1. Quick one: among Ala17, Ala72, Ala210, which has the greatest mean-square fluctuation in a GNM of the chain with alpha-carbon springs under 10 angstrom?
2. In what sequence, highest mean first, do 154-161, 81-88 appear when ranked by Cβ atoms within 10 angstrom?
3. For volume of the Cα convex hull per residue in Å³, several values are listed as (1) 123; (2) 184; (3) 164; flag the one computed from this structure.
4. How high is the relative contact order of the chain, given as a whole-number percent (alpha carbon pairs under 8 Å, six or more residues apart)?
5. List Leu106, Leu116, Leu175, Leu111 from most exposed to least, where exposure is judged by having the fewest other Cβ atoms within 10 Å.
6. Indicate, rounded to the nearest 5 percent, the antiparallel portion of the DSSP beta bridges found entirely in the chain.
7. Roughly how many Å is it from the Cα centre of region 42-65 to that of region 160-224, as a whole number?
8. Using the basic label-point model (7 angstrom from Cα toward the beta carbon), what is the Thr112 to Asp205 distance in nanometres?
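None of the figures in this text is laboratory data; all of them are computed from the coordinates on show. Only a predicted model underlies this, so the values are computations on that prediction, with no experimental measurement involved. Cβ placement follows ideal geometry from the backbone for every residue including glycine, while neighbour counts extend to all protein chains displayed.
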Amino acid sequence: MATVIDPGEAQRARWAADPAGFVENDLGARLWEAQVEILEAVRDHVRVAVRSCNGSGKTYVAAHIVLWWLMAFPESMVITTAPTERQVREVLWREIRRAYRGNEELIDGKLTWTALELGDKHYAHGISTNEAGRFQGYHEGNILFVVDEASRMREDIFEAIEGSMTSAGARLLLLGNPTAMGGTFYEAFHRRRDLWHTLHISAFDTPNVASGRIDVPGLVSPQW
């Protein structure tokens, strides 16, 4: 079994400052421009909301953001959620598991279907939304909340998350298709936009559609 070497404070500081560099150089992922923007937005802003087309790679980059957060900040936590248990387990956490297994020696820890444990105060958990109370009580310094399919999320979940956004190191990332005309995700781009850093990914900006060929497998195709 390979010996896992702690990266040390200086290395973590470099990763924290350059999330895209960590994801591309250390995790070996391929990113396109909008994915880099999302990574840098989470680094620089407390609340980030991303509305996008289908097949833009937002879930892919969210999975790598989870791993970046854990590696860049010791004793950090990530809580991810989505409207259904299936989406938690089979969408975002499928990508997290895939990225982890390609970098197991670097990341270490114990991986399950919806959890990555690096220590008692150093972990990522995927939580379903059957009880809003499950999102309360997290107040660690470096905590990241990731909400996938945010336009369909119940409002009491957002309220519970906001109650845990009290520390200076807290971050909240919302991802979704713009399918609802109300609620927290919608308001992040409208009435409450002053509280959010917002990004919009159009299908016409994605690499495959822009070039007219399949440059990045898995992203939206020109035919679609």
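1. Ala210
2. Ranked by mean Cβ neighbours within 10 Å, highest first: 81-88, 154-161.
3. Here volume of the Cα convex hull per residue in Å³ agrees with entry (1).
4. RCO, the chain: 25 percent.
5. Starting with the residue having the fewest Cβ neighbours, the order is Leu106, Leu111, Leu116, Leu175.
6. If I count the DSSP bridges inside the chain, around 20 percent turn out antiparallel.
7. Measuring centre to centre over Cα atoms gives 6 Å.
8. The answer from the label model is 3.8 nm.
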